[in-house]
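Visitor: Once you've had a glance at the structure underneath, I'll fire off some questions.
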Ligand code: FAD
């Protein structure tokens with residue numbers, strides 16, 4: 001359905017942009033805040049079958065919050081798990097920073 005796709009594209013944009021603005025050396029509060037955000041995001045995501053699988057993914061693959069690089073990679077892997085699930089090609093996670101921080105047109 002188109003709204004699941006539009007919602008998805010907008011949501012990944014928000015999530016990866018948050019990762020690109022996450023500190024290189026996050027303190028305990030910053031790590032806790034992002035962990036809670038991801039958990040609540042998964043709980044409240046307004047596509048129920050997406051949310052169901054994403055919650056399960058997060059339980060099995062806890063967010064890695066120790067640095068911007070680690071969180072960015074974790075999020076890229078999480079996005080790839082959805083790509084695989086819906087038959088889209090995997091994204092090369094070596095390029096996540098270039099895509100979402102330094103930026104290229106999409
Ligand atoms: P998107 O997958 O939305 O990606 C947007 C852009 O991000 C791409 O153009 C690319 O430049 C970049 N990108 C792609 N992969 C990565 C990556 N791994 N890391 C970093 N950047 C990347 N749809 C369903 O049909 N079923 C589901 O179960 C489902 N679950 C979802 C769960 C979540 C939490 C979210 C946020 C979305 C989910 N979606 C689901 C939507 C789906 O992931 C896509 O957003 C949607 O299909 C639109 O795809 P798109 O081709 O526009 O690119």
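Visitor: Show the residue pairs meeting these rules: Cβ distance below 9 Å; 6+ apart or different chains; first residue within segment 6-24 and within 12 Å of residue 72 (Cβ to Cβ); second residue within 7 Å of the ligand (Cβ to nearest atom) and at pLDDT 95 or above.
Guide: Between residues of segment 6-24 that are within 12 Å of residue 72 (Cβ to Cβ) and residues that are within 7 Å of the ligand (Cβ to nearest atom) and at pLDDT 95 or above, the close pairs are 15/75; 15/79; 16/75; 16/76; 16/79; 18/75; 19/75; 19/76.
Visitor: Might you let me know whether segment 67-74 holds any residue that is farther than 17 Å from residue 37 by Cα, more than 10 Å from the ligand (Cβ to nearest atom) and either out of contact with any strand residue (DSSP E or B) (no Cβ under 8 Å at 6 or more places or on another chain) or at pLDDT below 95 (or both)?
Guide: yes
Visitor: I would also like to ask the following. Check segment 50-58 and report whether any residue there is within 11 Å of the ligand (Cβ to nearest atom), without any contact (Cβ under 8 Å) to a residue 24 or more places away in the chain, closer than 16 Å to residue 4 by Cα and loosely packed, with under 15 Cβ neighbours inside 10 Å.
Guide: yes
Visitor: Taking helices (runs of 4 or more DSSP H) that fall entirely within segment 1-92, which contain at least 3 residues that are more than 13 Å from the chain's Cα centre (by Cα)? Please lay out each step first, then the result.
Guide: Working: elements: 2-21, 28-44, 48-60, 68-85.
The qualifying helices (runs of 4 or more DSSP H) are 2-21, 28-44, 48-60.
The values are calculated or read from the model by the stated rules, or taken from the named source; none is laboratory data. Small disclaimer: the values here were computed from a predicted structure and weren't measured. All Cβ positions, even for glycine, are placed from backbone atoms using ideal geometry, and neighbour counts span all protein chains on display.
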